[in-house]
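Comments concern the structure below.
Derivation of every value follows stated rules applied to the coordinates shown; laboratory data play no part. Just so you know, these numbers come straight off a predicted model, no measurement behind them. Methodologically, a virtual Cβ is constructed for each residue, glycine included, from the backbone with ideal geometry; neighbour enumeration extends over all protein chains shown.
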Amino acid sequence: MIQTTDAVILRSERFRETSRLLTFLTPDFGKIHTLAKGVRRQPSRFGSTFQLFTCNRIVFYERKRSGLQLLSQCDLINPFSPIRSDLKRTACAVYFTELVDRATEPADPNGRLYALLLRALRDLSEKEDLREIVPLFEVKLLSLSGLMPELTRCQGCREKITAPCALSLQKGGILCDLCSKKEKGLLQLSMGILESIRHMASSPWELAHRIRIPEKNRGELTQMLRQFIAFYLDEKIRSRRFLEEVESL
Ligand SMILES: [Zn+2]
């Protein structure tokens, strides 16, 4: 069946002499792997540069039983050019697309996740102040993927948490003082960090974007989210190191 959709490029690799393997995130079909044949033929029927994190309108032949779809058209809608002229913004965009790629399985549509990625790319190309965009994107991605630990009630006794507590990655949530005494290998969580993460997870993007994380909590929050991602997604997010190097410049 022939399908048309908007799609953001998550991965783009050369395949043989004239073809390209492209992984897209789409609002209605989820993540799809496609093969684009004859991309170097002139004139090309593809009006796209096939660059990472560009937004395109694509046409593909959907083969239900195959993991690889055949791409017949790909036209550029938004190249997000302002991101590409700035190293830090580029590092963020590459990191976000890699996180989305790791957090998704093919053919499992999540329209809100697509909207999140597009929103973050728009902000990266338009907004001046990007201080909180990385932790905010990480929190939203974990929430929308169903990977965010439970941060309201104790995973042991179900009591509501109102004091500093500990987090068990294995149990997927926080533990009260009493319950945490029975466990080993817990991460300590201050109320400030807990509140910041809860707030970012539950507020709409635009409101959450205005949250200012106190400077003294920033390191702790970064560490905490990194541990969540390593545990629930993957130890090795390649673009994370690139982002850290760029941030330290
Ligand atoms: Zn408890």
Which pairs do you get when a residue that is touching a residue at least 40 places away in the same chain (Cβ under 8 Å), found in region 108-131, comes within reach of a residue that is part of a loop (DSSP other than H, G, I, E, B) and surrounded by fewer than 17 Cβ atoms within 10 Å (Cβ to Cβ), reach meaning Cβ atoms under 6 angstrom, with the pair 6+ apart or on two chains?
-> 109/28
Under 6 Å between Cβ atoms, at least 6 apart or on separate chains: pull out the pairs that start in region 58-69 with a residue that is over 12 Å from residue 35 (Cβ atoms) and end on any residue that is assigned to a loop (DSSP other than H, G, I, E, B) and among the hydrophobic types (A, V, I, L, M, F, W, C).
-> 62/1
All positions within region 153-183 that are within 12 Å of the ligand (Cβ to nearest atom) and under 30 Å from residue 114 (Cα atoms) | 153, 168, 171, 173, 174
Could you tell me whether region 184-193 includes any residue that is of a type outside the set (Gly, Ala, Ser), surrounded by 13 or more Cβ atoms within 10 Å (Cβ to Cβ), touching a residue at least 60 places away in the same chain (Cβ under 8 Å) and away from the ligand (no atom under 16 Å from the Cβ)?
-> no
Members of region 1-49 found to be surrounded by fewer than 16 Cβ atoms within 10 Å (Cβ to Cβ), closer than 22 Å to residue 112 by Cα and within 23 Å of the chain's Cα centre (by Cα), listed by number = 11, 28
Run down 130, 136, 147 and say which single residue is among the aliphatic types (A, V, I, L, M), within 18 Å of residue 193 (Cβ to Cβ), away from the ligand (no atom under 13 Å from the Cβ) and part of a loop (DSSP other than H, G, I, E, B).
-> 147
